[in-house]
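For reference, the structure discussed in these notes is given below.
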Amino acid sequence: MVDKIFEKSIKKQFEFDEDVASVFDDMLNRSVPYYKQTQELTIKFALNYLNKNDVVYDLGCSTASTLIELGKHSKYDLKLIGIDNSSAMLARASKKCKAFGIDIELRNDDLLNTSYENAKLIISNYTLQFIRPLQREKLIQKIYNSLDKDGIFIFSEKVISSNKTLNKQCIDIYYDFKKQQGYSEYEISQKREALENVLIPYTEEENKKMILDAGFSHCETIFKWVNFATFIAIK
Ligand SMILES: Nc1ncnc2c1ncn2[C@@H]1O[C@H](C[S@+](CC[C@H]([NH3+])C(=O)[O-])CC(=O)[O-])[C@@H](O)[C@H]1O
Ligand SMILES: O=C(O)C(=O)Cc1ccccc1
């Protein structure tokens, strides 16, 4: 279904409710530049590290697109676990897993309350940005602690620039991208308001510092387009 959520006047904050879930795949494809390509990169890098029966978590799995693609492309059986606290998203995830015949354990839980054990790989694409800063640092520490000794964490985020002028230019270019994707100025400004204080982006440097502070030995940017980035962190 086509995302028309912000065509009408919306007074509440952005939420992953039934309305958003029903148009979510279209929303991501049209609002996250190179979404499909970053998902492909996530899978390509992931496959370099995975062996038979490895445990993989996707934190903020939404409709499970990434784990389904990983399941399709892996030559090994993997234990795939998707976690999200939106029932509406997970209902769709469950239907898609059945339709594609991919076995994924879907957990309806808050990322901050649940534990991830024996993880070889943890993925979290465009989700940390929705976790409040103090909690975010704690979550990263939990991710680090949950990973096997040679475990990998792949994540993607909307980012900002610490240079005010460049930051403004990045936002303008991003809004042009949204217009090209068919969103009107009204939809763009309504969504911007709804995301205020809900989506809190860090700079690329802040993301890397947070990762290294948690104990990871290395963090590499494997993709960047203006204000969106994908990282791989090695324990
Ligand atoms: N505290 C939380 N606990 C659990 N889930 C949460 C929490 N906060 C947010 N979520 C969930 O995180 C997901 C973020 S979307 C991820 C896209 C996906 N990774 C993709 O690559 O297709 C990104 C976006 O919409 O920009 C939503 O499904 C929320 O319900
Ligand atoms: O930052 C924005 O303006 C976005 O639209 C990014 C986004 C994409 C999908 C869900 C929430 C935010």
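The values are calculated or read from the model by the stated rules, or taken from the named source; none is laboratory data. Computed from a predicted structure; not experimentally measured. We place every Cβ from the backbone using ideal geometry, glycine too, and count neighbours over all the protein chains shown.
A few notes on this one:
- Qualifying positions in the range 1-24 - within 18 Å of S189 (Cα to Cα), surrounded by 15 or more Cβ atoms within 10 Å (Cβ to Cβ) and within 14 Å of ligand 1 (Cβ to nearest atom): D3, I5, F6, F14, V20
- Out of K168, K164, K98, K142, sole residue that is farther than 30 Å from E187 by Cα and away from ligand 1 (no atom under 14 Å from the Cβ): K98
- Residue match in the range 86-103 (condition: within 23 Å of S74 (Cβ to Cβ), at pLDDT below 95 and away from ligand 2 (no atom under 15 Å from the Cβ)): no
- Test for L78: is it surrounded by fewer than 17 Cβ atoms within 10 Å (Cβ to Cβ) and closer than 25 Å to E157 by Cβ: no
- Among the residues of the range 13-43, those identified as more than 9 Å from ligand 2 (Cβ to nearest atom) and of a type in the set (A, V, I, L, M, F, W, C) are A21, V23, L41, I43.
- Candidate set from the range 194-219 (those that are surrounded by 13 or more Cβ atoms within 10 Å (Cβ to Cβ) and of a type in the set (D, E)); member that is nearest to the chain's Cα centre (by Cα): E204
- Residue count for the range 115-132, restricted to those that are outside any strand (DSSP E or B) and at pLDDT 95 or above: 7.
- When A88, A46, A64 are checked against the criterion of being near ligand 1 (Cβ under 9 Å from one of its atoms), closer than 26 Å to F228 by Cα and under 16 Å from the mean Cα position of the chain (by Cα), A64 stands alone in meeting it.
Listed here are the residues, each with its yes/no results for (1) over 24 Å from S31 (Cα atoms); (2) free of Cβ contacts under 8 Å to residues at least 60 places away in the same chain; (3) within 16 Å of ligand 2 (Cβ to nearest atom).
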{"position": "E187", "(1), (2), (3)": "no, no, yes"}
{"position": "Q190", "(1), (2), (3)": "no, no, yes"}
{"position": "A194", "(1), (2), (3)": "no, no, yes"}
{"position": "V198", "(1), (2), (3)": "no, no, yes"}
{"position": "T203", "(1), (2), (3)": "no, yes, yes"}
{"position": "L212", "(1), (2), (3)": "yes, yes, no"}
{"position": "F216", "(1), (2), (3)": "yes, no, no"}
{"position": "V226", "(1), (2), (3)": "no, no, yes"}
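- Filter result for T230 (out of contact with any helix residue (DSSP H, G or I) (no Cβ under 7 Å at 6 or more places or on another chain), of a type in the set (S, T, Y) and either crowded, with 20+ Cβ neighbours inside 10 Å or touching a residue at least 12 places away in the same chain (Cβ under 8 Å) (or both)): no
- Qualifying residue in the range 177-189 (condition: of a type in the set (V, I, T), within 16 Å of ligand 1 (Cβ to nearest atom) and surrounded by 13 or more Cβ atoms within 10 Å (Cβ to Cβ)): yes
- Flag for L121 being among the hydrophobic types (A, V, I, L, M, F, W, C), under 23 Å from F14 (Cα atoms) and touching a helix residue (DSSP H, G or I) at 6+ places or on another chain (Cβ under 9 Å): no
- Filtering the range 167-176 to residues that are crowded, with 16+ Cβ neighbours inside 10 Å and within 10 Å of ligand 2 (Cβ to nearest atom) leaves only Y174.
- Members of the range 132-166 that are without any contact (Cβ under 8 Å) to a residue 24 or more places away in the chain and either within 16 Å of ligand 2 (Cβ to nearest atom) or not β-branched (V, I, T) (or both): L134, Q135, N145, N163, K164, L166
- Qualifying residue in the range 133-151 (condition: buried (at least 18 other Cβ atoms within 10 Å of the Cβ), of a type in the set (S, T, Y), in contact with a strand residue (DSSP E or B) (Cβ under 9 Å, 6 or more places away or on another chain) and not in a helix (DSSP H, G or I)): no
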